[in-house]
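What follows draws every value from the coordinates through simple rules; no lab data is involved. In this text, all values refer to a predicted model and were calculated from it rather than measured experimentally. Heads up, the Cβs are rebuilt from the backbone with ideal geometry, glycines too, and the neighbour counts pull from every protein chain shown.
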Amino acid sequence: FTEGAALDASKLQITNNPKPSCPLPNDQLVFGQTFTDHMLTIEWNKGKGWSAPEIKPYGPLVLDPSACVFHYAFELFEGLKAYRTPDNKITMFRPDMNMIRMNKSAARICLPTFDTDQLITLIGKLIEQDKSLVPQGQGYSLYIRPTMIGTTNGLGVSTPDKALLFVICSPVGPYYKTGFKAVRLEATDYATRAWPGGVGDKKLGANYAPCILPQLDAASRGYQQNLWLFGPEKNITEVGTMNVFFAFRDSKTGKKELVTAPLDGTILEGVTRDSVLALTRQNLDPKEWEVNERYYTITEVQERAEKGELLEAFGSGTAAVVSPIKEIGWNGTDINVPLLPGEQSGPLTKQVAQWIADIQYGRVKHGNWSRVVA
Ligand code: COI
C-alpha cells in the first residue's frame, strides 16, 4: 500500500473558515459533541499514493452509498489530545504512539500506511488554525480524532483502492457523564469483546459497535461500562473505552502490586496504559511496589477484596484519562473498591493522575512525551 506519492505535509493547502466560532465555557463541553472550525482531509488512490493534504472548514463528507466503509467496515481511528500549557502553548501528548498504532490498524484492514511524522506535522497545522478553541484548565483539552476509511465504490469484498484520511477535533472535558467521579463497572462474561487471533488490539470502529448492547444492559443496572472478561478462567481484559489497572496488597508480605493485563493481541495498546506503566515503574519504590503485566481473574479480585487486599482500581485511556473505579458488579453482587475518605479515588490513582496531568499540561517535562504544536 505504499507505492505512489508519500504523505507530504509541505503540499498542504489551507482554506480558512470565514466564520470562526467562539469557545464554549468548560462546563458546557460534552465529550465529542462540538467540533472546531476546520478539518484535515487527505485522499489516497492506489498507484498514485497520497494527494495534497487539505485543511478546510469542518463539514459533511460526500460518499457514494456503495463505498466499502459502509458495507465491510473499512474504518479505523485514533484518539489523542492537545493541551493548553500555563504559558499558552498548545502541546500534544505522545502523538508518535498514536500514529504508530494507526498504521498498525491500517495495515491490518488493507488500508494505506503513511509517514507518521508528516501526519503529526499536519495535525499540528490543523490545531494551529483553531488554537483559540483549545480549552484551558486541568481536565479540559482538545480531543483529536484521526480517522481513515476505505472509499472504493462497489459491493465486491476486496482491498480498497481508494481511501480517505481525515482529522476532526473536539474541545472536551470529562468523558463520563458523571464528571470527574469514580465509575461503576459490570464484569461481563456472556459476551466477548476480543479473542486470540482477532483484532481487539487494533483501533477499528468494528470493535466498538458490538459492545453497545451489553453496555445498555449494564447501564440498566446502573453501571457506566462493561469490564470485559475472557475465557473459562474469566481473565480481566479491559473496558473497551479504557484499559484497567488493579492495586493489591499481599496481607502476608505487605508487598503491593499494580497489575494490568498483558498485551496479548486482545487488549488495546493504550498510550495512557503505557504511560501509567512507565511512570509507576519509574516513580514507585520497588521495595514497596511491583508493577506487573500479567493475567488476573475476576475471582482473584473478588477473593482479594474479601481479604481486604484490594487497594484500588482505575481505568486509563485518552478520553477517560485516569478514571477511578469504585464498584464492580459481578455475579449479582458488587465488589467494593476502597476510596480515600470523602474523595473520588484512592491515593495511588490520584498520584498517577497527577503525574500524567503534570506532563500533559506542561508543568513537568518528561522526555519527548509532550510536543509543542502551536
Ligand atoms: C480514546 O480514549 O481515545 C478512545 O478511543 C475511547 C473512546 C472514546 C472510543
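A few notes on this one:
- 14 Å beta-carbon shell around residue 49, net charge (K/R +1, D/E -1): -1
- Kirkwood estimate for the range 86-151, i.e. one over the average of 1/r between Cα atoms, Å: 13.4 Å
- Most simply put, the range 159-275 has about 65% antiparallel DSSP beta bridges, counting only bridges with both residues inside it.
- Translational diffusion coefficient (Stokes-Einstein; Kirkwood radius from C-alpha pairs) of the range 237-333 at 37 °C, 0.692 mPa s, in µm²/s: 236 µm²/s
- Value of [θ]222 nm, deg cm²/dmol, for the chain, DSSP H segments ≥ 4, -39500 (n - 2.57) each, nearest 500: -6500 deg cm²/dmol
- Each DSSP beta bridge with both residues in the range 1-88 is either parallel or antiparallel, and the antiparallel ones are about 65%.
- Estimated dipole of the range 289-340 in Debye, rounded to 20 [Cβ of Lys and Arg +1, of Asp and Glu -1, Cα centre]: 100 debye
- Normalising the Debye intensity of the chain to I(0), with uniform scatterers on Cα atoms only, and taking log10 at q = 0.07, 0.10, 0.12 Å⁻¹ returns -0.32, -0.66, -0.95.
- Nearby lysines by direct alpha-carbon distance to residue 11 (threshold 17 angstrom, same-chain neighbours under 8 apart not counted): 48, 56, 125
- Rounded FRET efficiency, nearest 0.05, which uses the C-beta distance separating residue 117 from residue 62 and R0 of 35 Å: 0.70
- Per residue, the convex hull volume that the Cα atoms of the range 22-97 enclose (Å³): 180 Å³
- Taken over the range 201-299, lysine pairs spaced eight or more positions apart, or on distinct chains, with alpha carbons under 28 Å apart number 8.
- For the range 306-374, averaging the sequence separation of C-alpha pairs within contact (under 8 Å, six or more residues apart) and dividing by the residue count gives a relative contact order of 23 percent.
- Ascending count of other beta-carbon atoms within 10 Å, so fewest first, for 306, 290: 306, 290
- Simple Cβ-charge dipole of the range 105-177, Lys/Arg +1 and Asp/Glu -1, about Cα centre, in debye nearest 20: 240 debye
- Exposure proxy ranking for 248, 180, based on other Cβ atoms within 10 angstrom of each Cβ and starting from the fewest, stands as 180, 248.
- Taking the number of Cβ atoms within 10 Å of each Cβ as an exposure proxy, the fewest-first ranking of 312, 303 is 303, 312.
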